[in-house]
Structures are given as structure tokens and as C-alpha cells.
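Structure first, then comments.
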Amino acid sequence: MQKAIKSFKIVSVLEATSFLVLLGIAMPLKYIWDMPQMVKMVGMAHGILFVAYILMAIYISTLLKWNLKTLAIVIFCSVLPFGPFYADKKYLP
């Protein structure tokens with residue numbers, strides 16, 4: 001169980017970081033300096049990490065016996081720029 005939680009924490013940090021890079025670096029490069037290549041690369045990585053985060057959150061919810069409200073909050077945190085950092089500190093041991 002500890003290995004699964006540690007893996008989820010790693011995916012959580014990577015997902016949040018990729019989202020911040022996408023919003024803070026890649027999107028300005030695309031729309032201000034007309035360089036869309038970064039959005040394609042970072043966007044793909046973020047998409048994969050986002051799906052992994054959701055699937056792992058569902059799996060972790062069964063291990064930690066989260067109720068549906070807690071799972072919904074953790075999943076909602078995945079769409080907020082700093083949300084996964086919050087979910088990590090608040091809901092993971």
C-alpha cells in the first residue's frame with residue numbers, strides 16, 4: 001500500500017508541474033511568440049499524467065477507504081493549477 005501511495009504522490013507532483021508548465025510557459029509561447037511546438041509536447045505529457053492521476057486517485061481511494069466526497073475533491077483538484085499539491089498534503093498519509 002505504501003508503494004502505491006508513493007507512486008500516486010509522484011504522479012501528483014508531475015501532473016501539477018506539467019499543468020503549471022503548460023499554463024505558464026507553453027501557452028504564452030504559443031499565443032505571444034507564435035511557437036506552438038511546446039504546447040504539443042507538454043500538452044501530451046500533461047494529458048497522460050492527468051489520466052494517470054485520475055486512475056490512481058480511484059485506486060488509492062479504495063486503499064484508503066475514501067468516501068465519494070473525498071474522491072471527488074481529489075479529482076477536482078486535478079483541474080486546478082496547484083490543486084494536486086493541496087490534495088497531496090490534505091488527503092494522503
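Here are some notes:
- Enumeration of residues in the stretch 27-42 that are surrounded by fewer than 17 Cβ atoms within 10 Å (Cβ to Cβ) and either under 28 Å from Lys6 (Cα atoms) or of a type in the set (Ser, Thr, Tyr) (or both): Tyr31, Met41
- In the stretch 22-40, residue nearest to Pro81 (Cα to Cα) [restricted to those that are in contact with a helix residue (DSSP H, G or I) (Cβ under 8 Å, 6 or more places away or on another chain) and of a type in the set (A, V, I, L, M, F, W, C)]: Leu22
- The numbered conditions (1) within 21 Å of Gly83 (Cβ to Cβ); (2) in contact with a Leu (Cβ under 6 Å, 6 or more places away or on another chain) are all true for Met1 except (1).
- Only residues that are under 22 Å from Thr17 (Cα atoms), surrounded by fewer than 16 Cβ atoms within 10 Å (Cβ to Cβ) and touching a residue at least 24 places away in the same chain (Cβ under 8 Å) were counted in the stretch 55-76, giving 1.
None of the figures in this text is laboratory data; all of them are computed from the coordinates on show. Keep in mind that what you see is a predicted model, and the values were worked out from it rather than measured. Glycine also receives a Cβ, built like all others from the backbone with ideal geometry; neighbour counts cover every protein chain displayed.
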